[in-house]
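Written below as structure tokens is the structure these notes are about.
Every read-out reported here was derived from the displayed coordinates using simple, explicitly stated rules and does not represent laboratory data. Keep in mind it's a predicted model, so treat the numbers as computed, not measured. Glycine also receives a Cβ, built like all others from the backbone with ideal geometry; neighbour counts cover every protein chain displayed.
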Amino acid sequence: TKKKRKRNPCHTGNKPNSVEQRLCFSKKYGYIHTYVNNFPEACTKGINKVLFYSILFYIYIHTDLQNLSEASTGTSFKNVTLSSIFKGSKLGKRHIVEDILGEGGFGVVAKCQNMCTGRTEAVKVNRCEPDDMYQAFVEISLLKRLRCLNADTCNIVEWNGYFFHEENICMTFEVLDVSLDTYLTQRGNPGLPVTEIRPVLHQVATALSHLHSIGVVHLDLKPENIMVVDRTQQPVRVKIIDFGLSGLLSEIKQGLRQGSTWYMAPEMILAAPLNETLDMWSLGVIAAELAMGCPLYPGNIDYDVLSYIVETQGQPPDDKRPLWRIKSPEEFHHDSGCHPEGRRNSRLSCLDDIGHRMARQAGHHSDQQTLLSLIKSMLHLDAGQRVKAREALQHPFFLLKKKYRRRL
């Protein structure tokens with residue numbers, strides 16, 4: 001005997017029966033089709049198509065006709081804001097909000113308790129604009145790729161999956177303590193001692209080495225995206241978070257612009273050829289910030305960042321424009337109509353000035369020159385000669401740590 005096929009509880013029937021149902025079905029399908037077409041090249045940028053259409057089918061089943069109509073005419077689905085997520089409110093079917101951890105352009109991050117497992121989780125609730133949903137699809141696809149890595153040994157945030165809150169995609173992660181940026185601010189001291197910088201850089205370089213080994217580039221490495229697991233523990237343990245702007249190395253094309261300007265590699269600003277050492281440049285800038293206690297290249301526009309780089313390190317190479325030069329502030333204002341901001345508090349004539357500043361703030365340390373050597377290798381202007389993550393882990397600055405352990 002044939003087994004009776006179980007009926008899908010989400011299935012509304014094989015065919016709409018009445019004229020009204022057929023009309024509603026037709027309109028709903030048309031709105032979904034229009035909504036799909038609003039996504040920027042969603043099916044041509046490596047997104048998992050099964051994931052993409054399964055999520056859209058979920059939206060089709062659980063969204064009313066009015067919301068779909070609004071989406072197709074250019075307005076958004078009902079977006080989640082801080083006003084609609086508060087302590088005690090419920091996300092999806094099993095997450096109770098305990099606290100709001102933050103809000104950004106993507107949406108809201110809430111600390112929630114999973115009623116099924118009893119675990120506390122960080123839930124990232126993405127807005128429902130087409131661009132934000134597209135970015136969520138990209139992030140979920142990359143997070144699935146990262147499941148082949150051990151989150152603890154590879155120093156990346158643990159991802160627990162995703163669910164829906166109304167029409168909003170929610171991603172669940174382990175709860176971490178504070179960002180590296182907040183940790184530095186709370187310390188109140190200008191910079192960290194070398195003994196604290198070493199484990200942080202080693203863990204981040206380890207994470208990048210594993211990411212690059214599976215063809216993933218983070219593209220938005222900065223202190224806000226490096227989380228301290230527990231600030232009361234020493235040495236400090238850190239993990240990389242936020243893969244919303246990450247991509248596959250094989251799909252990174254010349255001219256891509258991604259990430260935060262302060263930590264952006266010069267070849268990205270100049271639209272020169274790119275490779276995985278984009279992340280190593282960002283780590284080098286972070287290392288200098290940890291050592292000095294202030295940002296190395298704090299420019300919100302490309303011109304400022306490039307000016308600071310040229311001032312401190314010289315002119316980056318560009319094979320396509322070998323005779324290029326950076327414009328003067330007056331030329332830049334005349335051509336663009338924008339005034340350079342000039343936010344840099346301390347000017348460095350060369351990277352060696354980082355070591356001089358460290359010596360003034362914390363006194364001389366035997367490992368300062370070795371740290372400076374590592375920073376220089378990460379901030380090499382030529383991306384082809386810049387140190388890779390797996391090579392950085394063999395730098396004497398990290399090998400000194402093993403040497404001291406053997407002595408003890």
* To do: Please list the non-local residues whose amide H lies under 5 Å from the amide H of residue 380, H modeled 1.01 Å from N, same-chain partners needing a gap of 5 or more.
  => 387
* To do: Find how much the distance from residue 89 to residue 349 grows on full extension, using 0.36 nm per residue of separation minus their present alpha carbon separation; answer in nm with one decimal.
  => 88.3 nm
* To do: Within 10 Å of each residue's Cβ, count the other Cβ atoms and sort 173, 106, 164 from fewest upward.
  => 164, 106, 173
* Report, in debye and to the nearest 20, how large the dipole of region 178-407 comes out about its Cα centre when Lys and Arg carry +1 and Asp and Glu carry -1 on their Cβ. => 1180
* To do: Once every Cα of region 151-243 carries one equal point scatterer and solvent is ignored, give the base-10 log of I(q)/I(0) from the Debye formula at q = 0.12, 0.13, 0.14 Å⁻¹, two decimals.
  => -0.41, -0.48, -0.55
* Pulled fully out, how much extra length does the chain show between residue 248 and residue 231, if you take 0.36 nm times their separation in residues and subtract their Cα-Cα distance? -> 2.9 nm
* Structure fact -> When the charge dipole of region 178-407 is computed with +1 on Lys and Arg Cβ and -1 on Asp and Glu Cβ about the Cα centre, the Cα farthest towards its positive end, among 314, 273, 387, belongs to 387
* To do: Enumerate the amide H contacts of residue 158 below 5 Å, restricted to partners 5 or more residues apart or on another chain; note that Pro and chain-start residues carry no placed amide H.
  => 174
* Asked: Amide H to amide H under 5 Å from residue 216: which residues, 5+ apart in sequence or cross-chain, H placed 1.01 Å off N in plane?
  -> 249
* To do: Could you pull out the trypsin sites (Lys or Arg not before Pro) across region 233-281 that fall in loop regions by DSSP (anything but H, G, I, E, B) with no more than 16 other Cβ atoms inside 10 Å?
  => 253, 257
